[in-house]
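> Take a look at this one; I'll ask things after.
The values are calculated or read from the model by the stated rules, or taken from the named source; none is laboratory data. All of these numbers come straight from a predicted model, not from anything done at the bench. Glycine gets a Cβ as well: all are built from the backbone with ideal geometry, and neighbour counts include every protein chain shown.
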Amino acid sequence: MSEKLNVALIQPDLKWEDAAANREQLSNKIGQLSEDVELIVLPEMFTTGFSMNARQLAEETEGETLAWMQEIAKNRSAALTGSVIIKEEGHYYNRLFFVFPDTSYKTYDKRHTFTLAKEDETYSAGKERLIVEYKGWKICPLICYDLRFPVFARNTVDYDLLIYVANWPEKRIEAWDTLLKARAIENMCYCIGLNRTGKDGDGYVYNGHSAIYDPLGKALTPLDRSVEFNAEVTLDRNSMLKTRSKLKFLQDRDKFNLLDE
């Protein structure tokens with residue numbers, strides 16, 4: 001078990017619907033990271049941008065992008081996470097991969113598809129939340145619009161780290177900043193939000209604001225990052241657990257079960 005976790009955030013300007021170009025630019029950015037990084041976080045749909053063009057862009061699960069992630073995870077001895085457009089059994093998914101250094105992986109399909117952009121008309125919604133155990137840390141990775149639904153993220157299993165990978169537009173960035181901070185405070189955990197920059201093929205502008213918050217809502221990264229950047233932060237699990245033990249807020253959480261409709 002590792003009490004500290006070295007995390008890298010990569011906030012890129014994604015190339016619209018160009019998987020090869022995005023993998024190449026992300027490879028270059030990952031190559032700039034220090035050797036002690038243990039977890040690398042990439043945006044939602046990091047090979048394409050937030051596209052509804054799933055028929056032309058989707059990969060099979062065991063496709064080029066997963067192979068690319070596995071190669072990087074193995075070569076750097078670090079875990080890697082982000083989401084990709086995937087086709088499986090005739091359905092399309094906004095699927096997050098969490099790839100371990102040994103190249104094994106777990107997946108999470110976005111539960112809350114973004115109806116405002118008609119994502120629900122293209123992509124099938126996921127059913128289950130994923131909790132990953134990595135280096136003694138319990139990690140809950142979610143995707144973009146999931147951020148608006150606190151019940152789904154509710155910390156009922158004492159996870160240590162909550163991650164949101166996203167393509168969150170500039171016009172609603174205040175909600176992004178506020179909700180990320182709230183998720184950290186209410187769940188008494190570290191919370192990472194990884195966004196993108198630039199302008200996509202549908203004309204939406206993104207201004208980043210990728211961030212890490214501690215269990216009391218303190219930002220561990222600058223909040224005004226509107227351009228491409230890499231950030232490396234060391235998270236301290238002992239410090240987080242001491243905060244939980246001292247304040248005991250999670251012990252007072254309501255007890256109820258979340259049922260599917």
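> Among residues belonging to segment 22-35 that are surrounded by 12 or more Cβ atoms within 10 Å (Cβ to Cβ) and without any contact (Cβ under 8 Å) to a residue 60 or more places away in the chain, point out the one that is nearest to residue 235 (Cα to Cα).
By that ranking, first place goes to 30.
> Among the residues of segment 138-149, is there at least one that is basic (Lys, Arg), free of Cβ contacts under 8 Å to residues at least 40 places away in the same chain, in a loop (DSSP other than H, G, I, E, B) and under 26 Å from residue 241 (Cα atoms)?
No, there is no match, as no residue in segment 138-149 is basic (Lys, Arg), free of Cβ contacts under 8 Å to residues at least 40 places away in the same chain, in a loop (DSSP other than H, G, I, E, B) and under 26 Å from residue 241 (Cα atoms).
> On to the next question. Which residue pairs have Cβ atoms under 8 Å apart, sit 6 or more places apart or on different chains, and have a first residue in segment 196-208 that is surrounded by 21 or more Cβ atoms within 10 Å (Cβ to Cβ) and a second that is basic (Lys, Arg) and assigned to a strand (DSSP E or B)?
Filtered contacts from segment 196-208: 206/199.
> What residue, among those in segment 28-42 that are within 18 Å of the chain's Cα centre (by Cα) and part of a helix (DSSP H, G or I), is farthest from residue 105 (Cα to Cα)?
The qualifying residue farthest from residue 105 (Cα to Cα) is 29.
> Picking from 118, 110, which residue would you name as being among the basic types (Lys, Arg) and surrounded by fewer than 18 Cβ atoms within 10 Å (Cβ to Cβ)?
Of 118, 110, the one residue that is among the basic types (Lys, Arg) and surrounded by fewer than 18 Cβ atoms within 10 Å (Cβ to Cβ) is 118.
> May I pose another question? Out of 174, 133, 186, 128, report the one residue that is charged (D, E, K, R) and either in a strand (DSSP E or B) or in contact with an Asp or Glu (Cβ under 6 Å, 6 or more places away or on another chain) (or both).
Just one listed residue meets the conditions, 133.
> Now for a different question. Identify the single condition in (1) of a type in the set (Ser, Thr, Tyr); (2) surrounded by 23 or more Cβ atoms within 10 Å (Cβ to Cβ); (3) under 22 Å from residue 36 (Cα atoms) that residue 103 does not satisfy, given that it satisfies every other one.
(2)
> Any residue at all in segment 231-242 that's at pLDDT below 95 and not aromatic (Phe, Trp, Tyr)?
Yes, because at least one residue in segment 231-242 is at pLDDT below 95 and not aromatic (Phe, Trp, Tyr).
> Which of the residues belonging to segment 83-128 are hydroxyl-bearing (Ser, Thr, Tyr), farther than 17 Å from residue 148 by Cβ and out of contact with any strand residue (DSSP E or B) (no Cβ under 9 Å at 6 or more places or on another chain)?
103, 104
> Go through 250, 259 for me and flag whichever is modelled with pLDDT under 95 and in a helix (DSSP H, G or I).
None of the other options fit; the residue is 250.
> Only one residue in 54, 73, 58, 19 is at pLDDT 95 or above, crowded, with 18+ Cβ neighbours inside 10 Å and touching a Pro at 6+ places or on another chain (Cβ under 7 Å). Which one?
Exactly one of 54, 73, 58, 19 is at pLDDT 95 or above, crowded, with 18+ Cβ neighbours inside 10 Å and touching a Pro at 6+ places or on another chain (Cβ under 7 Å), namely 73.
> Further question: What is the one condition in (1) touching a strand residue (DSSP E or B) at 6+ places or on another chain (Cβ under 7 Å); (2) farther than 19 Å from residue 43 by Cβ; (3) part of a loop (DSSP other than H, G, I, E, B) that residue 181 does not satisfy?
If we test residue 181 against (1) touching a strand residue (DSSP E or B) at 6+ places or on another chain (Cβ under 7 Å); (2) farther than 19 Å from residue 43 by Cβ; (3) part of a loop (DSSP other than H, G, I, E, B), just (3) comes out false.
> Another question about this same structure. From the list 11, 25, which one is within 19 Å of residue 145 (Cβ to Cβ) and touching an Asp or Glu at 6+ places or on another chain (Cβ under 9 Å)?
That would be 11, the only listed residue that is within 19 Å of residue 145 (Cβ to Cβ) and touching an Asp or Glu at 6+ places or on another chain (Cβ under 9 Å).
> Across segment 198-222, what is the number of residues that are under 21 Å from residue 146 (Cβ atoms) and either of a type outside the set (D, E, K, R) or in a strand (DSSP E or B) (or both)?
So the count comes out to 13.
> Quick one: residue 45 ticks every box in (1) buried (at least 24 other Cβ atoms within 10 Å of the Cβ); (2) not in a loop (DSSP other than H, G, I, E, B) bar one, so which box is it?
(2)
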